[in-house]
1. From the list Leu27, Leu84, Leu76, exactly one residue is closer than 20 Å to Ile128 by Cα, open to solvent by less than 70 Å² (accessible area, probe 1.4 Å) and at pLDDT 85 or above. Which is it?
2. Quickly run through the stretch 5-24 and pick out the residues that are touching a residue at least 40 places away in the same chain (Cβ under 8 Å) and either part of a strand (DSSP E or B) or within 23 Å of the chain's Cα centre (by Cα) (or both).
3. Applying the selection to the stretch 154-164, what residues are open to solvent by 90 Å² or more (accessible area, probe 1.4 Å) and assigned to a helix (DSSP H, G or I)?
4. Name every residue in the stretch 103-127 that is in a loop (DSSP other than H, G, I, E, B) and either closer than 14 Å to Val44 by Cβ or basic (Lys, Arg) (or both), in order of residue number.
5. From the set of residues in the stretch 88-102 that are in a strand (DSSP E or B) and of a type in the set (A, V, I, L, M, F, W, C), which is farthest from Gln16 (Cα to Cα)?
6. Every residue in the stretch 125-134 that is over 16 Å from Pro61 (Cβ atoms) and either of a type in the set (Val, Ile, Thr) or surrounded by 16 or more Cβ atoms within 10 Å (Cβ to Cβ) (or both), please.
7. Since Ser167 meets every condition but one in (1) modelled with pLDDT of 85 or more; (2) open to solvent by less than 60 Å² (accessible area, probe 1.4 Å); (3) more than 30 Å from Ala7 (Cα to Cα), which condition does it not meet?
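The values are calculated or read from the model by the stated rules, or taken from the named source; none is laboratory data. Note that the structure is predicted; figures quoted are calculated from it, not measured. A quick note on method: Cβ atoms are made from the backbone with ideal geometry, for glycine too, and the neighbour counts reach across all protein chains shown. Heavy atoms of the whole protein, side chains included, go into the accessibility calculation; ligands, DNA and RNA do not. Shrake-Rupley method; radii C 1.70, N 1.55, O 1.52, S 1.80 Å.
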Amino acid sequence: MSRTGLAAEFVTAVGQPHVTMLLLIELYLDGGTQYLASTPHDVVWSGNTYVAAQGIGTIEPTTETDTEARGLTFTLAAHGSANLAGAFEEVQGRAVILRLGIVDETTAPPTLRVDPNVWSGTLDVMTIDDNPAAPVIRVTAEHSMLAWQQPPGHLFSHQEQQRIDASDLFFEHAAALTEATIVWPDRSFFRQ
């Protein structure tokens, strides 16, 4: 699979003999966006500080079926009170973006090159394993492509359109036309 639209600097950095990669995760929550990095130290990119999460977090693929886009499961150790505090808010439907960063060592000082969108989706279900020895927070996320496979959740009817805009009469006769037989052109067209 090839991708287009990647910055030339990113492609050059990936082609180096030694490549240092990291993941940047953005979780869009009610309390604000959580920025996490798969590194032992904080990382600054695009004006945001991604907090070091190496050793306290993992990302695993969630296999559903071969015909659907894959989801991810994010796991975070809940030793810190900040991690536990964020675990009690509603996360379902919140956006999550996963980015791939490459340390470009051909520049002095080394530069962080980032693929802006490796994976994006929405958070789904959060569970907390409250084992006193090692409490863990897990949250699953669905790929954004799953939205294309789900029905829109509304009907194309006069009543639905009236709820959206009472002045719009576009679907006013839609129900009557579903059972109507329309023949075009009719005989009068040929009598001219």
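1. Numbers: Leu84 fails: at pLDDT 85 or above; Leu76 fails: at pLDDT 85 or above.
Testing whether each residue is closer than 20 Å to Ile128 by Cα, open to solvent by less than 70 Å² (accessible area, probe 1.4 Å) and at pLDDT 85 or above leaves just Leu27.
2. Here is the first cut: in the stretch 5-24, the ones touching a residue at least 40 places away in the same chain (Cβ under 8 Å) are 6-7, 9-10, 12-14, 16, 18-24.
Within the stretch 5-24, Leu6, Ala7, Phe10, Thr20, Met21, Leu22, Leu23, Leu24 meet the criteria.
3. Step one: list which residues in the stretch 154-164 are open to solvent by 90 Å² or more (accessible area, probe 1.4 Å), which gives 155-156, 159, 163-164.
Selection gives Gln159, Arg163, Ile164.
4. Of all residues in the stretch 103-127, those in a loop (DSSP other than H, G, I, E, B) come to 105-110.
Once the filter is applied, which keeps residues that are in a loop (DSSP other than H, G, I, E, B) and either closer than 14 Å to Val44 by Cβ or basic (Lys, Arg) (or both), the stretch 103-127 yields Pro109, Pro110.
5. Initial filter on the stretch 88-102 (in a strand (DSSP E or B)): 95-102.
Subset that is of a type in the set (A, V, I, L, M, F, W, C): 95-98, 100, 102.
Working: Ala95: 33, Val96: 29, Ile97: 26, Leu98: 23, Leu100: 16, Ile102: 10 Å.
Ranking the candidates gives Ala95 first.
6. Residues of the stretch 125-134 that are over 16 Å from Pro61 (Cβ atoms), as a first pass: 126-134.
Hits for the stretch 125-134 are Met126, Thr127, Ile128.
7. Going through (1) modelled with pLDDT of 85 or more; (2) open to solvent by less than 60 Å² (accessible area, probe 1.4 Å); (3) more than 30 Å from Ala7 (Cα to Cα) one by one, Ser167 breaks only (2).
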